[in-house]
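The values are calculated or read from the model by the stated rules, or taken from the named source; none is laboratory data. This is a predicted model, so every value here is computed, not measured. Every residue, glycine among them, receives a Cβ derived from its backbone with ideal geometry; neighbour counts consider all protein chains shown. The protein model used for the area step is the full one, side chains on, heavy atoms only, and it has no ligands, DNA or RNA in it. Shrake-Rupley method; radii C 1.70, N 1.55, O 1.52, S 1.80 Å.
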Amino acid sequence: MRNTIIRYVDYVASAFVTLSVFLFWYLRYPQALSFHEQYQLFLWTWDYFVSDVTHVGGVADYLSEFVVQFYRLEWVGAAMAAAMTGVLYLTIVKVLRLRHGRHGLACCLMSLCVVALLIWHQGDENVLFSYVMSMLLTSASYLLLRRLPAWADLLVVPCVYWLAGPMVWLYTGLRCVDGKRLHMPLLCVLTLTVQLLSARYVLTQWDMESVMYGTTYYRGPRVYPVLQFVIPSVVVLVYAASALLRRLDDRYLSLAMSLTAAALAVCADYYGYDKDKYELIRQDYLIRNERWSEVIARADRYQVNTSFSSVCVNLSLSMTGQLTNRMFSYYQSGKDALVMPMYRDFMSDIPTMEVFYRLGMVNECMRYAFDLQESILDGKISGRLTQRVAECCIVNGKYKVARKYLDILEKSLFYAAWAKEARTYLGREQWIDAHPVWGKMRKRRYKEDFLYSYGEIDKMFAILFKNDTDNRMALEYFMAQLLLNGDAKAFKYYLPLTRQYGGYTVMPYVYQDAARCMGREQDMKASPYGRYVIRMMNSNSQADNAR
């Protein structure tokens with residue numbers, strides 16, 4: 001009867017954890033799910049499976065990528081991530097209960113502390129879900145194989161190492177606690193030997209640090225957050241301290257674990273998830289889904305003072321027809337507030353890529369997308385970026401190249417339908433010209449090949465508008481860039497273009513405000529554009545003094 005009650009408590013607690021984690025991802029940080037999904041592309045092919053499982057930790061990596069592909073749908077992704085976390089929680093509860101059998105509630109609460117630390121660890125946006133999957137595979141292996149004799153570890157340790165990577169030390173630690181005195185050092189030596197032999201004869205392309213600490217837990221190479229080692233260590237230490245904990249009163253132990261779990265959960269949310277970083281990720285997530293009004297609404301409440309944020313907000317203002325009236329109501333980072341120069345990382349250029357796509361700068365959009373793809377630190381393929389490159393190839397009439405990318409996308413789950421439809425457009429010029437997006441891009445794109453530098457981006461906007469005077473976005477970006485550059489002479493010279501081609505019945509507020517500031521007709525500090533000019537002048541002055 002008591003065992004039935006304890007088992008009931010375990011499953012109720014697991015359901016509670018699953019629901020809590022689901023609400024956490026779905027309501028609070030859906031952008032984190034989208035962030036992970038856009039930097040991989042799970043393919044339903046045998047070659048893809050083999051390429052994953054033939055390296056250390058590859059099985060955990062393959063299973064995690066399978067789960068992450070569902071992050072494309074927010075609620076499905078949150079549900080699957082929560083389900084895996086709930087299963088891991090239940091596995092850890094069962095592991096701890098092997099030595100804490102009579103402490104039913106205490107085991108649940110101690111496992112809850114582990115989950116809180118895991119959520120904290122995932123606050124680093126580059127922590128991969130394969131870390132969670134590796135913990136699950138390793139702890140499950142211990143539960144299933146713990147009754148095997150000591151000599152069986154000669155086979156089990158290499159297998160677990162290949163399945164889950166260096167997380168095999170969690171298995172080793174748990175086995176050491178249960179093993180005899182001689183078994184502990186022998187098992188540690190065995191695990192270390194397996195890793196050293198792998199480095200010497202199998203993983204010759206890896207350095208020793210990668211072999212020991214893993215390459216599938218974190219997106220960046222040779223970066224190992226402290227929590228990566230703390231979490232499995234906590235499980236082993238709690239398991240090892242069972243003899244001491246059994247002597248404590250159930251009520252006091254449960255109270256202590258409850259307070260610890262609550263404190264860790266609060267700290268995980270407050271310290272683990274950087275507000276500014278996740279606000280930028282949220283802006284990218286909203287732009288990807290073309291939720292322009294939400295970008296603006298969030299910027300009304302709080303805006304991160306970076307060029308990344310300025311590009312996102314300005315694009316959203318332009319797409320909702322508000323750029324010429326509200327641009328300087330928001331933070332403008334400077335000359336790079338509309339489009340940013342290229343950065344050699346896998347995130348900074350994404351909003352600029354989206355701006356180029358909508359302006360009709362097809363080649364620049366494809367260049368940024370391709371470079372972003374190549375900058376993904378763990379060498380994965382991005383479904384989002386692959387789709388964007390394929391679109392640019394279709395617009396440019398490069399159908400053979402487009403077909404190569406469509407072949408890849410058709411082997412995925414969530415991009416296959418789009419790819420199959422896009423394939424029907426290949427070689428059909430009239431269809432592409434009539435397409436609501438691709439046809440517009442073909443009309444807007446540059447008609448001649450030339451080179452340019454980022455410092456002449458205003459001229460690029462001007463040429464874009466000259467090629468298609470119906471491209472109102474190019475006109476708005478051209479005038480806005482002149483204002484950001486502080487080029488009063490050019491702004492006044494081209495201002496009549498806005499009356500002729502902008503379709504305004506009244507001059508937009510941003511232009512009125514800038515014209516009054518340039519004509520010294522109002523106090524600079526009382527003007528949104530004037531305050532921007534003062535801030536830029538002060539910034540330049542400080543930079544000169546620093547030199």
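For the condition of a type in the set (G, A, S), within 13 Å of P232 (Cβ to Cβ) and touching a residue at least 12 places away in the same chain (Cβ under 8 Å), what is the one hit in G123, G165?
Checking each option against the conditions leaves just G165.
Out of L237, L315, I need the residue that is part of a helix (DSSP H, G or I), closer than 26 Å to K335 by Cβ and not hydroxyl-bearing (S, T, Y). Which one?
That would be L315, the only listed residue that is part of a helix (DSSP H, G or I), closer than 26 Å to K335 by Cβ and not hydroxyl-bearing (S, T, Y).
T469 - would you say it is modelled with pLDDT under 90 and either over 33 Å from the mean Cα position of the chain (by Cα) or not β-branched (V, I, T) (or both)?
Values: modelled with pLDDT under 90: no; either over 33 Å from the mean Cα position of the chain (by Cα) or not β-branched (V, I, T) (or both): yes.
Answer is no for this residue.
Filter the stretch 376-431 down to the residues that are acidic (D, E) and assigned to a helix (DSSP H, G or I), then identify the one that is surrounded by the most Cβ atoms within 10 Å (Cβ to Cβ).
E391
Quick check on the stretch 292-304: of everything there that is under 20 Å from the mean Cα position of the chain (by Cα) and not aliphatic (A, V, I, L, M), which residue is farthest from E279 (Cα to Cα)?
W292
Restricting to the stretch 143-162, count the residues that are under 32 Å from the mean Cα position of the chain (by Cα), within 17 Å of T91 (Cα to Cα) and either of a type outside the set (V, I, T) or open to solvent by 60 Å² or more (accessible area, probe 1.4 Å) (or both).
0
Is it true that some residue in the stretch 103-125 is open to solvent by 40 Å² or more (accessible area, probe 1.4 Å) and over 27 Å from D274 (Cα atoms)?
Looking for residues that are open to solvent by 40 Å² or more (accessible area, probe 1.4 Å) and over 27 Å from D274 (Cα atoms), one finds at least one in the stretch 103-125, hence yes.
Out of the stretch 340-375, which residues are closer than 16 Å to Q38 by Cα, surrounded by fewer than 20 Cβ atoms within 10 Å (Cβ to Cβ) and among the hydrophobic types (A, V, I, L, M, F, W, C)?
Hits for the stretch 340-375 are M347, F370.
Need pairs with beta-carbon distance below 8 Å; first residue over 21 Å from D269 (Cα atoms) and among the hydrophobic types (A, V, I, L, M, F, W, C) and within the stretch 1-27, second open to solvent by 50 Å² or more (accessible area, probe 1.4 Å) and at pLDDT below 90; sequence gap 6+ or separate chains.
V9/L105
Would you be able to tell me the number of residues in the stretch 62-96 that are open to solvent by less than 40 Å² (accessible area, probe 1.4 Å), within 15 Å of L112 (Cα to Cα) and not small (G, A, S)?
Here the count works out to 9.
Which one of T138, T191, T204, T215 is buried (at least 20 other Cβ atoms within 10 Å of the Cβ) and outside any helix (DSSP H, G or I)?
On the way: T138 fails: outside any helix (DSSP H, G or I); T191 fails: outside any helix (DSSP H, G or I); T204 fails: buried (at least 20 other Cβ atoms within 10 Å of the Cβ).
That would be T215, the only listed residue that is buried (at least 20 other Cβ atoms within 10 Å of the Cβ) and outside any helix (DSSP H, G or I).
Okay, residues lined up against (1) of a type in the set (A, V, I, L, M); (2) surrounded by 15 or more Cβ atoms within 10 Å (Cβ to Cβ); (3) farther than 23 Å from V355 by Cα:
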position	(1), (2), (3)
R499	no, no, yes
A514	yes, yes, yes
S527	no, yes, yes
G530	no, yes, yes
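Which residues, taken from the stretch 504-526, are outside any helix (DSSP H, G or I) and modelled with pLDDT of 85 or more? Walk me through how you get there before you give the answer.
The first filter runs over the stretch 504-526 and keeps only residues outside any helix (DSSP H, G or I), leaving 504-508, 519-523.
Scanning the stretch 504-526 gives V506, M507, P508.
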